[in-house]
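Participant: Just passing along the structure, written as structure tokens.
The values are calculated or read from the model by the stated rules, or taken from the named source; none is laboratory data. A quick note: this is a predicted structure, and the numbers were derived from the prediction, not measured. Cβ: placed from backbone, ideal geometry, glycine included. Neighbour counts: every protein chain shown. When the accessible area is computed, the model is the full protein with side chains, heavy atoms only, and any ligands, DNA or RNA have been set aside. Shrake-Rupley method; radii C 1.70, N 1.55, O 1.52, S 1.80 Å.
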Amino acid sequence: MRKLIGFVAFWIAVGMLLMLFLAHHYLIALIIIALLLLVGYNCCM
């Protein structure tokens, strides 16, 4: 279950990275992307 959560968090972060190029709230998007990538990395390891 932990690896699944990490996998999902990682791909949500990737999707938000794509959203970053379309949206205008860069700071909020970068913070959320960084947090999701950290969660994904920590859950998968």
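Participant: Identify, from the list 23, 34, the residue that is surrounded by fewer than 14 Cβ atoms within 10 Å (Cβ to Cβ) and modelled with pLDDT under 80. Spell out the reasoning first.
Facilitator: Values: 34 fails: modelled with pLDDT under 80.
Going through 23, 34 in turn, the sole match is 23.
Participant: Could you tell me whether residue 34 is free of Cβ contacts under 8 Å to residues at least 24 places away in the same chain, of a type in the set (Gly, Ala, Ser) and part of a helix (DSSP H, G or I)? Let's see the steps before the verdict.
Facilitator: Values: free of Cβ contacts under 8 Å to residues at least 24 places away in the same chain: yes; of a type in the set (Gly, Ala, Ser): yes; part of a helix (DSSP H, G or I): yes.
The answer is yes for residue 34.
Participant: Check off (1) open to solvent by 100 Å² or more (accessible area, probe 1.4 Å); (2) part of a helix (DSSP H, G or I) for residue 15 and give me the number that stays unchecked.
Facilitator: (1)
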